[in-house]
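Asker: Mind looking over this structure? Questions follow.
The values are calculated or read from the model by the stated rules, or taken from the named source; none is laboratory data. The model shown is predicted, which means the values in this text are computed figures rather than measured ones. Heads up, the Cβs are rebuilt from the backbone with ideal geometry, glycines too, and the neighbour counts pull from every protein chain shown. Accessible surface is based on the protein model in full, side chains and every heavy atom, while ligands, DNA and RNA are left aside. Shrake-Rupley method; radii C 1.70, N 1.55, O 1.52, S 1.80 Å.
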Amino acid sequence: AFLNEDVIVFVDPKSGNVTRSLGSKHFIMPHGIFVDHHDNIFVTDVALHQVLKFEVNKTEPSLVLGTKFEPGKDSAHFCKPTSVVVTAEDFIFVGDGYCNSRVLKFNKDGKFVGEFGKGSVKTGVPGSMNLVHDLTISHADRMIYVADRENGQIHVMTYKGNFTAVYSVPGNVYAIDYIPDIRAIAAVNISDTNSPAKVVLVNADSGEITGVYPTNDSDFTMPHALTYIHHIGIFLGEIASPFRIWKLSEIHKHTDKRKETPALLNVLASNIPYRSLSLLRC
């Protein structure tokens, strides 16, 4: 059944106050969210097998990709799409996802442009992925970074769909975001259920791990989302009760790869299952 409550929630990054919400009766299981340079909001839904676009101050979608309730692996169908990013030229990249382990590209009108990557448990091969769980983008470098959750890897892909590198990260990679300030990819991973989650910094050019930040908090059990806000910090969303957003501050000041730096976590907001996070300029 469609969710009656609003599933897109606007949270002030400094106070944690909810300022706005929307999206009721449009989603069943929303998973990934991205806000483009026009402040349009894109959301994936793994139950609908669709991606929905909401324009600024609109409550009805202006674009829908995929076929409702029909999983598939052609250009008109997704199978549990997890993530989406949009370039400055308005090309849409969709991470697809739980079943297909591929990335699809569309133009701003939703016309299919290309498909990239393939499902594989083989590690160390760029473009061979086992569950595409998140995407992030470097607009300046025109690169897409793909979180390969089950293989514990981050794949580097050009806008044209060429995979140029693959970086290994300990454990399963759940969420990633690009930090242009230090040319790094922040990733949140889980090595096993008995260990605390960690935020890992990966050099975007070399794949070298430059910082590891264990959360050291037994309450932080199921991280699922991550986003970076310039000069404010990294925000982590969890989908285990009590459903909180956590804030990790000043990560750019602690990048000694030789030792782990305990993460300074503070609860920003609670009681909503944060499957994904994104930044809206306001």
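Asker: Could you please put Met29, Met129 in sequence from largest to smallest accessible area, using a 1.4 Å probe?
Answerer: If we order Met29, Met129 from most to least accessible, we get Met29, Met129.
Asker: Also, quick follow-up: Of the cross-linked pairs Lys58/Lys108; Lys68/Lys198; Lys25/Lys58; Lys68/Lys118; Lys80/Lys105; Lys80/Lys247, which ones have a Cα-Cα span greater than 26 Å in the structure shown?
Answerer: Lys68/Lys198; Lys80/Lys247
Asker: Here is a further query. If you roll a 1.4 Å probe over segment 43-162 with all protein chains in place, what percent of the accessible area is carbon or sulfur?
Answerer: That share works out to 48 percent.
Asker: Relative contact order for segment 1-147: what percent, with Cα pairs under 8 Å and sequence separation of 6 or more?
Answerer: This gives 14 percent for segment 1-147.
Asker: Related question: I want to check the label-to-label distance for Asp12 and Phe91. Put each point 7 Å from Cα in the C-beta direction and report it in nm to one decimal.
Answerer: Between Asp12 and Phe91, the simple spin-label model gives 3.9 nm.
Asker: Okay, next question. Using 1/(1 + (r/R0)^6) with R0 = 30 angstrom and r between the beta carbons of Val125 and Lys68, what's the FRET efficiency to the nearest 0.05?
Answerer: 0.35
Asker: Beyond 20 Å, what share of the Cα-Cα pairs of segment 22-112 is found? Please give it as a whole percent.
Answerer: 25
Asker: Find how many whole Å separate the alpha carbon centroid of segment 107-163 from the alpha carbon centroid of segment 1-63.
Answerer: 23
Asker: Under the 0.36 nm per residue contour assumption, what length would be gained going from the current alpha-carbon distance of Glu5 and Leu22 to full extension?
Answerer: Taking Glu5 through Leu22 to full extension adds about 5.3 nm, to one decimal.
Asker: Could I ask something else about it? Simple spin-label model, 7 Å along Cα-to-Cβ: Ala165 to Thr210 in nm?
Answerer: 1.1
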